[in-house]
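Enquirer: Quick one: this structure, given as structure tokens, is what I'll be asking you about.
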Amino acid sequence: MVATHRHEDKYVTEVFNKIGHLGVTMGFLGLIVFFFSAQEIPFLGARFWFLFWGVGFLTWIGFIIYYVVKVIPLERQHEKEQQEALKYLPQSKH
């Protein structure tokens, strides 16, 4: 909700959506792992699931950081180049 209502920049909205999906997914998976651990179920409550959860969380954060640092500047530059090229073309008068 924050991403769609507060920012006009589509890239900021996209980053907030990615962070929101991360939070919901990893929160749900974390609750499942915690539930199995609290119920002392031998295999599903094992500690190594927390390790997998943590590695997945950090990997997902890494992909979001990569998107912010590398992909967004390239997309902004490409968009700027398109705007520069379009300003010399005739526009429709609708």
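Enquirer: So for segment 30-44 (the condition being outside any helix (DSSP H, G or I) and surrounded by 10 or more Cβ atoms within 10 Å (Cβ to Cβ)), does at least one residue qualify?
Expert: Yes.
Enquirer: Based on this model, can you work out whether TYR66 counts as among the hydroxyl-bearing types (Ser, Thr, Tyr) and either at pLDDT 90 or above or touching a Ser or Thr at 6+ places or on another chain (Cβ under 6 Å) (or both)?
Expert: Yes: the conditions hold for TYR66.
Enquirer: Would you call LYS18 surrounded by 12 or more Cβ atoms within 10 Å (Cβ to Cβ), assigned to a helix (DSSP H, G or I) and among the basic types (Lys, Arg)?
Expert: In short, yes.
The values are calculated or read from the model by the stated rules, or taken from the named source; none is laboratory data. Owing to the predicted nature of the structure, the values given are computational and were not obtained by experimental measurement. Glycine gets a Cβ as well: all are built from the backbone with ideal geometry, and neighbour counts include every protein chain shown.
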